[in-house]
Structures are given as C-alpha cells and as structure tokens.
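Working notes for the structure below.
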Amino acid sequence: MSDSTPSYIPSEIHLIASKEGVISIKHTLLGVTKRDGWFDLFYMVPERVLVKKNTDYQETIEFIRRFTEPETVELDQKNHEIYCNGVVVGMGVAEFAFYMWMCQRKLAGELPLNLDEDEFMCEYLEVYSKFTHREGGMFDRAEAVAKEGDIVAQKKWFSQRKSKVNGCIGSVLGKRLAAPFFVQSAGKRGRLSYEVGFAQEAIRLR
C-alpha cells in the first residue's frame, strides 16, 4: 500500500434521527495513511431512504454499508433508471439520456467536456434519440437550442440538465452520499469542464 493511498475499514456505524426528519450516520473508520489514526465521517441521508415500513436496524445498516464501498453505477436503459451502489434513482428520459451521455464519454476515455470547445449539443441529441422519438416535447426543445441557440443558450441548457440530474440523485441519496455520483465541474470560472467523477470501471450498462 502506498503512503498516498488511504484504505478505510468501517468499524462502527451510529444512526441518529433528528427532528428535521433526517438520519445522521456516524462512521468510525480506521484510516491507514502515512500514519495510523482515526477519522470520523458524517453523512446526512433523507429519512425516507432509510426508514421504511418493516425495515429493521440491520437492513438500514446494510444500506449504509453500500456507500463505504467503491462507487458502482448501473444504467437501466429500458426503464431509464440508474443504480448508485445498488440504490435505484429514477429520472425523466431527457435526464437519463444526459447521464448516459456523460457516462459514455467516460467509458470512451474522453476528456472532461469543455462547453466552449466541444460540439456538445449534437452529441447529446444522438444519445437522447435512442430513448425517445425525434419529434415533439423535450427533444424538439433541445434540438432548437442546438440549431438556433447561441453558446450562451446552449450553456444555460446544459446547466439546467446537469442541475436536474444531480437533483434527482441527491433527492434519493442525500447530498453527502450522492456527491460521488454527480456530474461534476472542474477548473476555474470561465474554463470549467464537466464529467462524472467515478472511474470507467464503475459503470455498467444494462
């Protein structure tokens, strides 16, 4: 094990229900880095995710333990759902196509998407067309932005899709657990680029 690569071993998980309808989960982890030490990580997860009818404590623990493992993302192309470490996240067809597009870029080894340099609208429409009819509704609106909108309009459209996709994931997992699965930005203002943050090996299509 290299000094720069930490290895975390879960040892304890504590669940605390708050008045705001949120579960606070405390992981006590053993961190093996340049020196041995203990680290605490705190996660805030929507109560509706963890507390369901007939869900016992052990089932809740197993749910949380999924997110101490490396990220895995499965994309169900038939039902337009994604599975983040086995937890299903539903979204609209336009949003699913957006996430699929970003994952395909990662699988292809593409560099993070630069909105100023890449012809991104046509790329997205090609993916979107596989999941919906080419006429009507959201497809028509996206196509109009691609053909008639300037770069400002196209960037605005991209930001709206990204926010909606990340919102779908965050509403199910809670912001902290969802963060590794978000479409992320990197770089400085004016030179931002975008990609999914997990590795190629995390992605499975079905």
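Any read-out appearing in this document is the output of simple, stated calculations on the displayed coordinates, not a laboratory observation. If you're wondering where the values come from, they're calculated on a predicted model, not measured in any experiment. Glycine also receives a Cβ, built like all others from the backbone with ideal geometry; neighbour counts cover every protein chain displayed.
If you take the Cα centroid of region 153-191 and the Cα centroid of region 64-84, the two points sit 17 Å apart.
Between Gly92 and any residue 5 or more places off or on another chain, the built amide H atoms are never under 5 Å apart.
Among the chymotrypsin sites (Phe, Trp or Tyr not before Pro) within region 67-116, not one is in coil by DSSP while having at most 10 neighbouring Cβ atoms inside 10 Å.
Remark on region 126-181: ratio of C-alpha radius of gyration to 2.2 N^0.38 Å is 1.37. Here each label is just a point 7 Å from Cα along the line to Cβ, and for Lys155 and Lys188 those points are 1.6 nm apart. Among the listed pairs Lys147/Lys175; Lys130/Lys188; Lys106/Lys175; Lys130/Lys155, which have their C-alpha atoms separated by more than 27 angstrom in this model? Where the Cα-Cα span goes over 27 Å, the pairs concerned are Lys147/Lys175; Lys130/Lys188. Using only alpha-carbon positions in region 64-206, the gyration tensor eigenvalues give semi-axes of 24, 18, 13 Å once each is multiplied by 5 and square-rooted (largest first).
The GluC sites (Glu not before Pro) of region 124-206 that meet both conditions, a loop assignment by DSSP and at most 14 other Cβ atoms within 10 Å of the site Cβ, are Glu135.
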